[in-house]
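The values are calculated or read from the model by the stated rules, or taken from the named source; none is laboratory data. The model shown is predicted, which means the values in this text are computed figures rather than measured ones. Cβ placement follows ideal geometry from the backbone for every residue including glycine, while neighbour counts extend to all protein chains displayed.
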């Protein structure tokens with residue numbers, strides 16, 4: 001009887017371990033797939049669809065997305081990020097949020113710290129910077145996004161940085177920062 005109980009307990013422990021391993025393997029495979037999408041230029045999950053007939057000329061002043069892209073590009077590889085650059089990046093992120101509620105300054109500052117550290121370690125190409133800004137725009141304006149779309153955006157942000165050569169730990173931290181901000185904004189919208 002004891003032998004049967006011990007054997008049953010061992011089998012249950014093995015199944016639990018295998019289930020945990022399987023989840024980790026699936027997560028890593030999804031991360032690899034997202035990185036491949038970034039490398040191959042698959043459109044960002046947050047990329048807006050162009051209007052059918054756009055007749056108005058583009059504005060002369062920089063849009064919030066263009067300003068953010070300029071601020072991201074201003075952070076140079078292997079150079080210290082100045083407090084002024086961090087402040088400008090934070091202002092641009094706040095301006096990007098178009099809804100009635102803005103993200104908390106603490107959450108934005110955490111994202112700015114992690115972003116600036118990663119950007120000073122590894123350079124992003126112009127296309128990758130554009131993709132990152134599209135993702136950030138989607139996260140800061142979660143209005144009608146479904147939870148699966150938001151997960152895709154966060155995964156894409158992480159993939160952008162992992163593809164650029166930033167460590168997985170740092171890329172995950174940036175993704176978590178984006179997820180926290182989007183969560184704040186989605187909570188306040190409900």
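Worth a mention:
- Scanning the stretch 76-99 for residues that are closer than 21 Å to residue 46 by Cβ and touching a residue at least 24 places away in the same chain (Cβ under 8 Å) turns up 89, 92, 93, 95, 96, 97, 98, 99.
- Some residue of the stretch 141-152 being within 10 Å of the chain's Cα centre (by Cα), modelled with pLDDT under 95 and closer than 22 Å to residue 100 by Cβ: yes
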